[in-house]
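Right, one structure below, let's go through it.
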Amino acid sequence: MLDTQAARVTFRLPRDTAIYPGAYFYIFNEREPFWRRYLGRPMAVYDWTSSKLSSNEDFASELVFLVEDSPSQTPLLQSNRLTIDGPYGQNRRLEKYDHVFLLAEGIGIASVLPFASALARRRLYDNERKTSAASGPNERLYLDRTRRVTLLWAMEQNSQLEWARHEIDRLMNLDPKSKFLHVWLYQPTEPDHRHVFPRVAEVQQELKTCKSFPKHCKISYVPENRWSEALRHQLSGTMETAPGTKAVAMCGTPAFRTMVENITKEHHRVDLYGLEHQPVRHRKPIVTLSEDVGRQLAPQHHVLPVLPPIQHTTHLRTEGSFSGSIIVEEEFEMRSMPQKRQLTGKLAN
């Protein structure tokens, strides 16, 4: 049984809501003490169930969030009474660029992956309508400018692949000819298959040996201290040779964003977007021992200054052990705050 220290939380909305990549909501736990009840946690929309398309907008009937099992967010996974407020965030309209680069670190994949999915869905929709004899002369098309999307995800732990393996599979199916999407996954360590969890090994093998998309999704083993070198090598050639307009959307810790900014500045005519909702890397207090162990045997406990750790330790959990979603039943009560929805439901079994 795996444990990726994250779970998918699904909200069934009382009515269809316009949604777009990069949108985020504030989530409130109604079970918390009164003074904390209205301190919402911002969270990016990871996925959604489309209900209809209208005026070039996507309407959702369900929203999916990827929630880390951290001290600040664990109560959300344990509560069956939650409230959401949103959507917030700008619609970056990346479809106006010829080449789109999407870069994410760790949980930042939750903010970045929807851009790739939306662009690929829109392109596939147009291609199907253009080749279908049943489509009428008034059939609405997106006519996006985007010719290629490059998605690069730097994981803090190999096990984080479980966070998005289903979504990556669906994403690859949206580009059957492997011409539009290019996905690169950076994992910090090369797994020892003698000790690796069986399901992780199976997932990695699936992505490596996928016969339908041999050039579609590639896994590289790149330690965190070599991300800058790998990113520069990966992006520089493409940014220099790719024709047309280019955009980079990034989501990660401050150190990761600075790294991407430095690489992007080396190239001209590239628009850089830092997504409004950025992840926070969670840290635990570090225990150190006194130098003079002979005179002072008792350990000293110090909370060190907030610095980027070398490695982020992850404990694992899957949809198998925890259903992967909180399904909220259709019992709603509108609140006075605009667009705020009170949702009552139970954990899915």
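The values are calculated or read from the model by the stated rules, or taken from the named source; none is laboratory data. Small disclaimer: the values here were computed from a predicted structure and weren't measured. Note that each Cβ is placed from the backbone with ideal geometry, even for glycine, and that neighbours are counted across all protein chains shown.
Things worth noting here:
- Residue in region 100-117 that is over 22 Å from Ala164 (Cα atoms) and modelled with pLDDT of 75 or more present: no
- Residue within region 291-311 that is surrounded by fewer than 17 Cβ atoms within 10 Å (Cβ to Cβ), modelled with pLDDT of 50 or more and in contact with a strand residue (DSSP E or B) (Cβ under 6 Å, 6 or more places away or on another chain) present: no
- Of all the listed residues (Glu266, Glu229, Glu276), the sole one being out of contact with any helix residue (DSSP H, G or I) (no Cβ under 6 Å at 6 or more places or on another chain) and either at pLDDT 95 or above or not in a loop (DSSP other than H, G, I, E, B) (or both) is Glu229.
- Failed condition for His193, given (1) loosely packed, with under 14 Cβ neighbours inside 10 Å; (2) at pLDDT 90 or above; (3) assigned to a loop (DSSP other than H, G, I, E, B): (2)
- Within region 232-251, tally of residues that are modelled with pLDDT under 95 and either crowded, with 19+ Cβ neighbours inside 10 Å or aliphatic (A, V, I, L, M) (or both): 4
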